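What follows is a set of notes on a single structure, which appears directly below.
The values are calculated or read from the model by the stated rules, or taken from the named source; none is laboratory data. These numbers were taken from a predicted model, which means no experiment stands behind them. Neighbour counts are summed over all protein chains in view; Cβ atoms, including those assigned to glycine, are modelled from backbone coordinates with ideal geometry. Each accessible area value is taken on the protein alone, full model and side chains, heavy atoms only, with ligands, DNA and RNA left out. Shrake-Rupley method; radii C 1.70, N 1.55, O 1.52, S 1.80 Å.
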Amino acid sequence: NCLDNNGTVSGKNSCFDEAGNKAQNCLNVGIATNAVNVVCGGEYSNDSNCGTFLEIHLAASNNYASTESLIAETRISRKNMTGFVTVSIPTTWENDPSKVTCNRRHVKKSVGLK
């Protein structure tokens, strides 16, 4: 089972993105902010180094990754955010659909969605 400590979040659940498309292995996250985000367009619209992102990193380095390692991310597509918005972020480990993020102690590295 791939659940958080109080059993409310599963890394294997599906969710819906801002356009209403269903995706596998993701989580909807609410963000409350008053900010202007960088939204890249034109030749930079798909550049992975351009824009504003919500990212998942480890709180402490371990045998699998360092705190600098990017576990998962989603691009914030709204330029002006005032108040509360919801975005979806993948729960897959480094975009590998056979691995999902888990908050648990591992004896050995887990592979697959079992």
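Restricting to the range 6-36, what's the tally of residues that are open to solvent by less than 60 Å² (accessible area, probe 1.4 Å), over 17 Å from M81 (Cβ atoms) and β-branched (V, I, T)?
Going through the range 6-36 one residue at a time, the tally reaches 1.
Mind listing whichever residues of the range 69-94 are at pLDDT 85 or above and open to solvent by 50 Å² or more (accessible area, probe 1.4 Å)?
L70, E73, R75, T86, E94
Is one or more of the residues making up the range 9-24 of a type in the set (V, I, T), within 23 Å of E94 (Cβ to Cβ) and outside any strand (DSSP E or B)? Talk me through it step by step, then tell me what you get.
Taking the range 9-24 and keeping what is of a type in the set (V, I, T), we get 9.
Next, only the ones that are within 23 Å of E94 (Cβ to Cβ) stay: 9.
Retained after the next criterion (residues that are outside any strand (DSSP E or B)): 9.
Within the range 9-24 (the criterion being of a type in the set (V, I, T), within 23 Å of E94 (Cβ to Cβ) and outside any strand (DSSP E or B)), the answer is yes, since at least one residue qualifies.
Tell me yes or no: at least one residue of the range 37-47 is among the hydroxyl-bearing types (S, T, Y), touching a Ser or Thr at 6+ places or on another chain (Cβ under 7 Å) and modelled with pLDDT of 85 or more.
Filtering the range 37-47 down to residues among the hydroxyl-bearing types (S, T, Y) leaves 44-45.
Add one more test, that the residue is touching a Ser or Thr at 6+ places or on another chain (Cβ under 7 Å), and what stays is none.
There is no residue in the range 37-47 that is among the hydroxyl-bearing types (S, T, Y), touching a Ser or Thr at 6+ places or on another chain (Cβ under 7 Å) and modelled with pLDDT of 85 or more.
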